[in-house]
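J.: The structure that follows is given in the form of structure tokens.
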Amino acid sequence: MGAQCSSIANLSNNEQLFQLCGSIPLTANDPAWNQLFSFNLQIPLSNSENHEFIEGTAQLFQLLESNNQATRNTSSLLRVFLARATELKASAQCDNRIFIWQTCNALFILRVIFSHWIRLEKEAVLIKKFSFQEENSCESLLENLAVQLVEILVDVPLREETALLHRECVQTLMLLLFVAASSYLTNNKSIIFKCLMHGPGALHAGLLTRTLLQHYCQHQPVPVWWLRKPEQGGSIVLGLATGLWSLLSRSSSSAEPVDALSDFAYQSLLLLLVLTNHCSMEKNWSNPYRQALLSFTDSQDPVQVSPVHPSACFRLDYSVLYSTLCDRLGDERTTLLLYMLLHQHQQFRNYVYTHADIQRMVIALLQELFKGDDEGSHHLYMSLIILLLLSEDEGFNSNIHNVIIRNPLWYTDRVLNEISLGGLAVIVITRTIQRNIVKASDKYLHTNCLATLANMAAYFRRLHPYTCERLVSLLCTLNKRRIRVVQQLKSSDVEGTSREQLEQDLSIIEEVLRMLLEILNAAFTHQLGCNPNLIYSVLHKKEVLDVLRRHPAFQDIVANLDTVSNYFSNRISQLSEPGVNEILQSIQLGCVDFPKDQLKKFPELKFRYVEEDQPEEFFIPYVWSMVQSTSALCWSNDDMTIGSENDAK
């Protein structure tokens, strides 16, 4: 089993490769396999390298495809790998590097073959291609492969000699799941998903979930030389441009750099997201990976909490996971993971709500909203929904006004020397609404922005003057836009589709205006004495209330704001020389004697995020679109049908 490592400079004379692709059958016991697996090949790590490799082997694959039905050599190759996989744990413990290296090469060859076949075949056909028939039975080799890949990931430790093997297992498993996902979305059935969700593969669901999370949270970099040995030279592309085989080598200087730490972390996270977002709505069986992800306990908690689900058999340090999430919220894969944990993992959500360093997470989310023009819309939505989930907690809404942020350099609209975290959140969310009103009028975005502000409104305290100015300015901007749309609707030139669009725009604007008025009312009702700057800003733009008061949809809520405005206007009118400081002082003194009983009571503003009835219709295509754009796997856009079937929010 220990063939010598040979550096291949020319593959045209490689008998074993001829046999694999040619017309001569290879049995599982053929000694040629050891020689085939003993190549020093720099396995592609990036999407572009993979794409080049797959394209370069297209003609070779055609030869294999034409002969495989007769030779069944791919099934023999898979059986050889499965036999080796069962020995891997012992080999890793004994530091048998040659055996591990050969097994990784075997898996890489399988992955290249799968990469070609997923363009041509559906899951059922591939299952049949990789089945081993005996006299009275038929063994599904692909199901066995899926189980063995899971077992390698959970049983073989991540070390220098096993790092590339781990990565190949993750990549190959994602390819299998890609094929399975197409079948699952077509008829809600998949042999591979069934095997992993409630078949033999499900036995290690909790352990695999823990392993992938640990890889994601790895703070010590996986050295790049674990993946790329310097002596191996440039990567190769196999093709048939000159004869059957030719070798094209690229210098290491032209190869695109690979961030080994993020590669390991994010490839593991992608696999976890794929596993946990499929089969989440099944009636007959549950998703054990999802159960494990949404119920694992804190390893630092001295209180041992019994797991809710049998698959939740592991503990993980919440503080390490929290720190990792905060550091990587600029990436949409991390944002989706955080969304899942906050939405459905009760213990982790409670941990986040009470975390002393909550500003790390909130500031990272606000930064994503601030640069929303440059980000994909899904990432923007997920960041906003996380803020909405956080705002559902009263303690969070109160505490963010006690945290002071000094000079946030990423906020480039103006200099903010000192501002509360709550005030900064209001500014950024208000800015998001205003930007969207001008550009897109996306009702979904408005709804979530306003719901977040509404949850926070009763806890507004000591808002920065600029925060108050932006909030009231948005009210004025929306009112001007409402008046303009009303005038356009009165014009006889507007008909048909244009009129319908204007009516829809007007409905959205009036809905946003009403909610903003209720947010101001909630702040005055619950925290009047803590918001002198907000009172000042409303007084400064008092004329907008005069306009809105005449609209029947706003009259009741504007009446409360009028009560506040008239009370403080009367006090200010008695000042002999009313400057800004004198006005603010008068407002602060007036808050003590303000007759709160004159304010009409409105229902408390309290919104909760509710997922759609069929969340898989959004999350499955979303996850696969991230795999396509950020993993090292490659397939053509035509192959990626599951990523475009439904782009609903």
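J.: How about the range 51-94: which of its residues are crowded, with 16+ Cβ neighbours inside 10 Å, polar (S, T, N, Q) and touching a residue at least 40 places away in the same chain (Cβ under 8 Å)?
T.: Across the range 51-94, the qualifying residues are 57, 67, 68, 71, 73, 74, 75, 76.
J.: For residue 463, state whether it is within 22 Å of residue 360 (Cα to Cα) and either at pLDDT 90 or above or surrounded by fewer than 15 Cβ atoms within 10 Å (Cβ to Cβ) (or both).
T.: Yes.
J.: Among the residues of the range 294-304, is there at least one that is at pLDDT 90 or above, more than 19 Å from residue 209 (Cα to Cα) and not assigned by TED's automatic domain parsing to the domain that holds residue 449?
T.: no
J.: For the range 113-162, which positions are at pLDDT 85 or above, within 27 Å of the chain's Cα centre (by Cα) and hydrophobic (A, V, I, L, M, F, W, C)?
T.: 114, 146, 147, 149, 150, 152, 153, 154, 158, listed by residue number.
J.: Can you list the helices (runs of 4 or more DSSP H) lying wholly within the range 358-471 that have 2 or more residues being under 23 Å from residue 507 (Cα atoms)?
T.: Of the helices (runs of 4 or more DSSP H) lying wholly inside the range 358-471, those with at least 2 residues that are under 23 Å from residue 507 (Cα atoms) span 377-391, 421-439, 443-457.
One line per residue, one yes/no per condition, for (1) buried (at least 24 other Cβ atoms within 10 Å of the Cβ); (2) at pLDDT below 90; (3) of a type in the set (Val, Ile, Thr); (4) within 18 Å of residue 280 (Cβ to Cβ):
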residue	(1), (2), (3), (4)
181	yes, yes, no, yes
194	no, yes, no, yes
206	yes, no, no, yes
210	no, no, no, no
218	no, yes, no, no
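J.: Now for a different question. Going by the structure shown, is residue 164 closer than 17 Å to residue 276 by Cα, assigned to a helix (DSSP H, G or I) and of a type in the set (A, V, I, L, M, F, W, C)? Before you say what the answer is, go through the steps one by one.
T.: Numbers: closer than 17 Å to residue 276 by Cα: no; assigned to a helix (DSSP H, G or I): yes; of a type in the set (A, V, I, L, M, F, W, C): yes.
Considered against the rule, which asks whether it is closer than 17 Å to residue 276 by Cα, assigned to a helix (DSSP H, G or I) and of a type in the set (A, V, I, L, M, F, W, C), residue 164 comes out as no.
J.: Is it fair to say residue 314 is at pLDDT below 90, hydrophobic (A, V, I, L, M, F, W, C) and outside the structural domain of residue 217 (by TED's automatic domain parsing)? So that I can check it myself, show each step before the final result.
T.: On the way: at pLDDT below 90: yes; hydrophobic (A, V, I, L, M, F, W, C): yes; outside the structural domain of residue 217 (by TED's automatic domain parsing): yes.
Taking the combined requirement at face value, the residue satisfies it.
J.: Quick check on residue 338: is it assigned to a loop (DSSP other than H, G, I, E, B) and within 25 Å of residue 612 (Cβ to Cβ)?
T.: The answer is no for residue 338.
J.: Tell me, which helices (runs of 4 or more DSSP H) lie completely within the range 17-102 with 1 or more residues that are touching a Gly at 6+ places or on another chain (Cβ under 9 Å)?
T.: In the range 17-102, 32-36, 47-56, 58-71, 73-85 are the helices (runs of 4 or more DSSP H) which contain 1 or more residues that are touching a Gly at 6+ places or on another chain (Cβ under 9 Å).
J.: Hey, which of the helices (runs of 4 or more DSSP H) in the range 527-617, taking only ones fully inside, have at least 3 residues that are under 46 Å from the mean Cα position of the chain (by Cα) and surrounded by 17 or more Cβ atoms within 10 Å (Cβ to Cβ)?
T.: Answer list for the range 527-617: 532-540, 543-548, 555-573.
J.: Can you name every residue in the range 280-290 that is of a type outside the set (Asp, Glu) and surrounded by fewer than 24 Cβ atoms within 10 Å (Cβ to Cβ)?
T.: Matches in the range 280-290: 280, 281, 283, 284, 285, 286, 290.
J.: Here's something else I'd like to know. Does residue 636 satisfy the condition of being part of a loop (DSSP other than H, G, I, E, B), at pLDDT below 90 and of a type in the set (Ser, Thr, Tyr)?
T.: On the way: part of a loop (DSSP other than H, G, I, E, B): yes; at pLDDT below 90: yes; of a type in the set (Ser, Thr, Tyr): yes.
When the stated conditions are applied, residue 636 passes them.
The values are calculated or read from the model by the stated rules, or taken from the named source; none is laboratory data. None of these values were measured; they are calculated from a predicted model. Glycine gets a Cβ as well: all are built from the backbone with ideal geometry, and neighbour counts include every protein chain shown.
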